[in-house]
1. Is it the case, given these coordinates, that residue 456 is touching a helix residue (DSSP H, G or I) at 6+ places or on another chain (Cβ under 7 Å) and under 28 Å from residue 235 (Cα atoms)?
2. Could you give every pair whose Cβ atoms fall below 7 Å, whose first residue belongs to region 612-640 and is more than 15 Å from residue 599 (Cα to Cα), and whose second residue is assigned to a helix (DSSP H, G or I) and modelled with pLDDT of 85 or more, counting only separations of at least 6 or pairs across chains?
3. Answer yes or no as to whether residue 429 is in a helix (DSSP H, G or I), within 15 Å of residue 521 (Cβ to Cβ) and either touching a residue at least 60 places away in the same chain (Cβ under 8 Å) or more than 16 Å from the ligand (Cβ to nearest atom) (or both).
4. Collect the residues in region 442-472 that are in a loop (DSSP other than H, G, I, E, B) and closer than 18 Å to residue 528 by Cβ, keeping them in residue-number order.
5. Could you grab me the full set of residues in region 98-114 that are out of contact with any strand residue (DSSP E or B) (no Cβ under 8 Å at 6 or more places or on another chain) and more than 16 Å from the ligand (Cβ to nearest atom)?
6. In region 436-451, is there at least one residue being without any contact (Cβ under 8 Å) to a residue 60 or more places away in the chain, buried (at least 19 other Cβ atoms within 10 Å of the Cβ) and away from the ligand (no atom under 16 Å from the Cβ)?
7. Do we find a residue being within 16 Å of the ligand (Cβ to nearest atom), in the same structural domain as residue 366 (by TED's automatic domain parsing), surrounded by fewer than 20 Cβ atoms within 10 Å (Cβ to Cβ) and not in a helix (DSSP H, G or I) anywhere in region 473-492?
8. Residues of region 368-392 being crowded, with 17+ Cβ neighbours inside 10 Å, on the phi < 0 side of the Ramachandran plot and touching a strand residue (DSSP E or B) at 6+ places or on another chain (Cβ under 9 Å), which ones?
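The values are calculated or read from the model by the stated rules, or taken from the named source; none is laboratory data. Small disclaimer: the values here were computed from a predicted structure and weren't measured. So basically every Cβ, Gly included, is an ideal-geometry build from the backbone, and we count neighbours across all protein chains shown.
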Ligand SMILES: O=P(O)(O)OC[C@H]1O[C@H](O[C@H]2O[C@H](CO)[C@@H](O)[C@H](O)[C@H]2O)[C@H](O)[C@@H](O)[C@@H]1O
């Protein structure tokens, strides 16, 4: 299937720059080398003789993310080596541990959270590779700061969470230096992938907004790379996204992936609208999958929210320290007749902690019966970004907690308990176990797994049931109050959904969550638990990787050409049967034929992409002589204005579609000239007057004329005109029949042309 979005087929046809996969020899060499090489040195020959058939390679997925799922421990003295351990809280680690394909090997590429000095880097890289299959990316300190704290945290993160940089104090204005650092950092990650990849066999899975231009670097090197991308943050509405000065670069870079994943339907919808509105790319549904066609490549869209790692949660629930902590918390709270509501959030501007506190204040104000009884335990993890906005959130939180506790507290009773020290995972789980309600009032969050963790923890186990004094499994319950602006919200149909900005409504929802009949709480819990257990992180990862494999299975049946510079690089992919037209074939066919339709494009095809866009005298002369030949129907398509084309191409008998088909001039008696003349003139006249023609964002022009509606579609498979009887003035039946016949004829004429 050939894309309608080729901009320059001549570029493509010169084909010299086929940057397809490495030639066979290089491919074989790469396979003979160990998969990963990080330190220079002599390689031993492969033990297998050339005639020994090599075993089928083990499938590998290279997982690339900003941070490795590793904790690095700095040595006490420079003589000692660094030590490492897995970061058991990392989603990327969970992804591997819950993979359903035991033969799949995972390699991780990412930064360490700790700074490693340049002389130590080789040893650290080797140790990580040998023991953890991890390849660290080391960024120069200034690039790292500008890339992460700069472009990621100051620009992308706020914008993707709907915060516009309206002033230097609010969000911060776009800074091109930070953008350049982002691109450079992505390039460092790309180089690491290129060091380890077996391009014919390996899958690459890139994670999150930190690495959005990485797909372009990778596809540039290996045109047929099997590449997936998952965005963990929200993808904002196109009205927000389009304010980003590098909006097109990021979209085009993502489109160099084969599969792009989002947590929710809305994020995917926003991305697709951006592709439609900013790049003119429509999407389609192919056998139940949403796809975009980008220069002949199929880019699939995956909508699947991530899940929690159930095995780990169950293991932590069974720990003796968890049981001890649960018993301790039961004594502190339940033993004293308290009911706990729980919030667990990073202390950042999008988590809505202060809105939650306002709602708690409102609840206690409106419902005196809860005073002395209800406790909001708010766990606040340290923010991951830095800046005055974070300090502002902290200040406001402390002030509000103080105010509420002063207003409604009593000796031995604090309505709000703020825990702003990092908790161990088992401690957090213990809080989940004893909490009657979990509250998430973030104003924006990509997904947020806190409600899932809470539900799974409330399911608990037999021992915890005894500590909680639950007699029957049916008595298990959990209640969720969640913001409608977070990614997990659509999956939690039993949660009470709130607009976190509506303080009274949140307070009502909190109260409702407390007083709902027990039976109702049991049912909601059961429903959520069944969902959370099934849709765990393994389900998510396996489903993504399966879709990636499916999307890439045709790669070897395509011919690929890389075109475009820098971040405009893209791959044109064509069927294997596609052949470059040879001049002698054209000349022979031209001589043989008696009736010829010659369709020409004037935007970069007939003439080079030049500053002076007017045709050369020679082009005009050739065009004139083509038009003079009675056997030829010549038609010129262009994005230029009609008056400009009229001036440049005075040839008689030349058909023309100006402004990408908005204006059509048919060469009389042929091609477009076969259109029903009255209708065509009427349409043309109306369009000229700007009357009744409506340009839509999806590349369609709708026109309402007397008694008919016309739609000119410029996207997809090329210009198409559909004329339909309208709801306007009704005509007599005979005239209507005549009209329909005319419409059919127009249709046929257009298809022919
Ligand atoms: O702070 P960063 O290092 O830039 O990382 C951003 C966040 O990444 C992770 O959260 C995101 O992915 C989660 C899982 O898909 C999702 O639940 C969450 O909504 C996303 O924001 C990480 O869990 C966060 O701590 C980071 O802030």
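1. yes
2. Correct list of pairs: 614/648; 615/648.
3. Spelling it out, it is not the case that residue 429 is in a helix (DSSP H, G or I), within 15 Å of residue 521 (Cβ to Cβ) and either touching a residue at least 60 places away in the same chain (Cβ under 8 Å) or more than 16 Å from the ligand (Cβ to nearest atom) (or both).
4. Answer for region 442-472, where residues must be in a loop (DSSP other than H, G, I, E, B) and closer than 18 Å to residue 528 by Cβ: 447, 448, 449, 460, 461, 470.
5. Once the filter is applied, which keeps residues that are out of contact with any strand residue (DSSP E or B) (no Cβ under 8 Å at 6 or more places or on another chain) and more than 16 Å from the ligand (Cβ to nearest atom), region 98-114 yields 100, 101, 102, 103.
6. Scanning region 436-451 turns up no residue that is without any contact (Cβ under 8 Å) to a residue 60 or more places away in the chain, buried (at least 19 other Cβ atoms within 10 Å of the Cβ) and away from the ligand (no atom under 16 Å from the Cβ).
7. Yes; the residues of region 473-492 include at least one that is within 16 Å of the ligand (Cβ to nearest atom), in the same structural domain as residue 366 (by TED's automatic domain parsing), surrounded by fewer than 20 Cβ atoms within 10 Å (Cβ to Cβ) and not in a helix (DSSP H, G or I).
8. 370, 374, 375, 376, 377, 378, 379, 380, 381, 383, 389
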